[in-house]
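Structure first, commentary second.
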Amino acid sequence: MNKILKRIIAGTAISALALTAFFMDLRKDVTSIAAESPKAAEAAVTDAPKYVFLFIGDGMSYPQIQAASDYLGAMGQIRSSDILTGNKYLDFMKFPVAGSAITYDSTSFCPDSASTATSLSTGYKTYSGIINMDETQTIAYETISEKLKKQLGYKIGIISTVNLNHATPAAFYAHQPSRNNYYAIGLEMIESDFEYFAGGALKNITGDDKTKPQENLYAVAEKSGYKVINTQNEAELLTAADGKAIIIGETLADSDSLSYANDVKAGEWELKDYVKKGIEVLDNDNGFFMMVEGGKIDWACHANDAGSTIADTIALDDAVGEAISFYNRHPLETLIIVTGDHETGGLTIGYAGTDYDTYLTNLSNQKLSYAKFDTDYVSKYKENNTSFETVLKDIKENFGLLTSNDSQASENPKLVLTSYEYNLLKTAYDKTMGRNSTERSQEEYILYGSYEPLTVTITHLLNNKSGISFSSYAHTGLPVGVFAKGTGATLFEGYYDNTEIYDNLANLLKVK
Ligand SMILES: [Zn+2]
């Protein structure tokens with residue numbers, strides 16, 4: 001036998017032995033940990049935090065966080081807390097405790113927001129699409145927020161950048177066999193009696209079946225004693241004395257076309273403002289629990305729009321900043337957790353076409369979200385049968401991509417479309433303008449998903465020229481980060497199942 005082969009075989013044998021020993025050790029460890037349950041023991045002796053913030057970046061895993069952080073670094077922008085160190089972290093990345101949570105559900109290794117939020121709020125796995133019920137859809141689970149309200153008298157706030165009866169917020173107050181039961185979810189939201197809701201408009205306010213209209217959900221809410229607020233002006237004036245309230249963000253309305261963080265106008269409320277107001281109205285001596293969802297991180301990742309993903313991740317970090325300010329005033333009584341529910345899009349930093357290089361500053365040329373480009377531009381292209389030449393001008397204006405004959409091409413070589421890229425864009429334009437065909441071949445689905453071919457091709461090209469790529473239009477099986485700061489934070493160290501986030505919270509807060 002030749003020497004090299006012998007060495008490989010010997011090496012393999014040693015590795016196998018070492019691995020077996022490692023796994024036996026691991027099994028021993030797991031058994032003893034289970035027997036002693038040190039986390040439960042630790043939770044039992046730790047004072048329960050009076051103020052709990054749970055931030056959920058929908059679709060936010062490590063790639064979304066790191067891409068946002070790297071983008072800020074590339075742009076030379078340093079987050080407020082890092083001025084002294086010069087690091088390029090988001091504020092929550094600097095929390096003293098970090099862990100990872102595994103996200104699979106009873107359906108898939110690539111779970112959805114209904115089942116994963118169920119795991120976070122109740123500690124149970126279930127099928128994708130189900131809100132706080134078991135796989136047989138017969139047993140309803142009580143949520144951490146319901147328990148805190150009922151057993152400890154905490155005030156509860158639920159905040160989201162998407163519709164308030166969408167899966168993630170719903171998982172903190174509703175119990176439904178389907179996440180699409182929007183009307184029933186809306187009724188449960190009102191029945192929850194939670195003190196503060198803020199976010200996007202309720203979906204299906206007069207019922208899920210348009211042919212059988214039911215009482216308007218906002219009217220039901222008002223009858224139940226909620227102050228329903230529809231303008232930023234009124235929201236600014238809201239105080240705790242107004243009692244329980246539902247704030248509907250003016251531009252977070254029932255559409256995904258407005259107010260991605262990329263589209264927010266000067267003076268318009270962002271996620272952090274809804275959190276700040278929430279703190280103001282929920283603050284009380286008994287305590288509060290606030291769930292804050294950055295829901296459009298997910299929507300932007302589905303659409304493979306890296307620029308909007310990054311902007312919404314930064315907006316979530318800004319909202320966490322409000323919780324950090326509160327923590328600084330109540331450091332011994334506050335717990336802040338920042339996590340995701342699952343990864344979306346198979347985002348990564350790196351692209352086959354740019355090898356080891358990234359050009360993240362290219363993304364700063366993107367002026368609006370894919371959704372706003374669809375509404376403000378593409379819909380008009382279809383109406384007016386706009387020429388490709390005119391469309392190219394808008395693409396330059398809004399995304400910075402240039403054709404090789406553009407006067408600015410020589411100064412911005414990293415933004416110049418190659419002939420291969422130009423052809424991809426032209427093909428997508430033709431597909432978008434050829435309105436009759438919504439049907440997609442396998443090849444077209446891989447190119448465009450279910451999105452507007454022109455728009456998704458523009459974001460793909462800008463992503464790729466920046467050294468960023470996506471591998472899916474759906475959710476993936478990556479674990480998510482869990483960042484914790486404050487009373488009980490150490491419980492969230494390690495690599496564990498997402499249901500343990502609930503278990504740790506329930507043990508720490510001593511609810512049953
Ligand atoms: Zn999603």
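The values are calculated or read from the model by the stated rules, or taken from the named source; none is laboratory data. It should be emphasised that the depicted structure is a prediction, and the values quoted were computed from it without experimental measurement. Note: ideal-geometry Cβ built from the backbone for every residue, glycine included; neighbour counts use all protein chains shown.
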All conditions in (1) within 16 Å of the ligand (Cβ to nearest atom); (2) more than 20 Å from the chain's Cα centre (by Cα) are true of GLY488 except (1)
Inspect all residues belonging to region 420-429 and state whether any of them is away from the ligand (no atom under 16 Å from the Cβ), in a helix (DSSP H, G or I), farther than 30 Å from MET93 by Cα and of a type in the set (D, E, K, R). yes
Out of the residues in region 272-305 that are assigned to a helix (DSSP H, G or I) and hydrophobic (A, V, I, L, M, F, W, C), which is nearest to GLY199 (Cα to Cα)? VAL275
Would you check which residues across region 282-324 are within 16 Å of the ligand (Cβ to nearest atom) and on the phi > 0 side of the Ramachandran plot and list them? ASN304
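Find the residue count for region 109-129, including only residues that are in contact with a Ser or Thr (Cβ under 7 Å, 6 or more places away or on another chain) and more than 23 Å from LYS296 (Cβ to Cβ).
Summing the residues that are in contact with a Ser or Thr (Cβ under 7 Å, 6 or more places away or on another chain) and more than 23 Å from LYS296 (Cβ to Cβ) in region 109-129 gives 6.
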Please work out if THR46 is touching a Leu at 6+ places or on another chain (Cβ under 8 Å) and modelled with pLDDT under 95. yes
Residues in region 325-376 that are within 16 Å of the ligand (Cβ to nearest atom), touching a helix residue (DSSP H, G or I) at 6+ places or on another chain (Cβ under 6 Å) and part of a helix (DSSP H, G or I): how many? 1
Condition check for GLU268: more than 15 Å from the ligand (Cβ to nearest atom), acidic (Asp, Glu), surrounded by fewer than 24 Cβ atoms within 10 Å (Cβ to Cβ) and free of Cβ contacts under 8 Å to residues at least 40 places away in the same chain: yes
For a quick check of your reading of the model, give me the residue pairs whose first member lies in region 293-307 and is farther than 15 Å from VAL275 by Cβ, whose second is surrounded by 24 or more Cβ atoms within 10 Å (Cβ to Cβ) and among the basic types (Lys, Arg), with beta-carbon atoms closer than 7 Å and at least 6 apart or on different chains. none
Residues LYS393, LYS367, LYS414: which one is over 27 Å from GLY76 (Cα atoms), among the charged types (D, E, K, R) and either in contact with an Asp or Glu (Cβ under 7 Å, 6 or more places away or on another chain) or modelled with pLDDT of 95 or more (or both)? LYS393
Inside region 90-107, can you point out the residues that are assigned to a loop (DSSP other than H, G, I, E, B) and in contact (Cβ under 8 Å) with a residue 60 or more places away in the chain? LEU90, PHE95, PRO96, THR103, TYR104
Name, by its number, the condition in (1) over 19 Å from GLN64 (Cβ atoms); (2) among the polar types (S, T, N, Q); (3) not assigned by TED's automatic domain parsing to the domain that holds ALA67 that does not hold for THR487. (3)
For region 424-445, does any single residue satisfy the condition of being at negative phi, in contact with a strand residue (DSSP E or B) (Cβ under 9 Å, 6 or more places away or on another chain), surrounded by 12 or more Cβ atoms within 10 Å (Cβ to Cβ) and not small (Gly, Ala, Ser)? no
If we keep only residues of region 452-485 that are hydroxyl-bearing (Ser, Thr, Tyr) and out of contact with any Phe, Trp or Tyr (no Cβ under 9 Å at 6 or more places or on another chain), then the residue farthest from the ligand (Cβ to nearest atom) is SER471
Scanning region 163-178 residue by residue, the ones that are touching a Gly at 6+ places or on another chain (Cβ under 7 Å) and either surrounded by fewer than 24 Cβ atoms within 10 Å (Cβ to Cβ) or within 14 Å of ASP58 (Cα to Cα) (or both) total 6
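Being of a type in the set (D, E, K, R) and farther than 20 Å from LYS296 by Cβ is the filter here; which residues of region 328-385 pass it?
Passing the criteria: ARG329, GLU333, ASP355, ASP357, LYS380, LYS382, GLU383.
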Unmet criterion (only one of (1) surrounded by 15 or more Cβ atoms within 10 Å (Cβ to Cβ); (2) on the phi < 0 side of the Ramachandran plot) for ASP242: (1)
Only one of LYS203, LYS210 that is within 16 Å of the ligand (Cβ to nearest atom) and under 24 Å from GLU250 (Cα atoms): LYS203
Leading residue by the ranking (farthest from the ligand (Cβ to nearest atom)) among those in region 57-107 that are at pLDDT 95 or above and among the aromatic types (Phe, Trp, Tyr): PHE95
Does any residue in region 108-121 that is in a loop (DSSP other than H, G, I, E, B) and modelled with pLDDT of 95 or more come within less than 7 Å, Cβ to Cβ, of a residue that is within 15 Å of the ligand (Cβ to nearest atom) and among the charged types (D, E, K, R) six or more places away or on a different chain, and which pairs are these? PRO111/ASP105
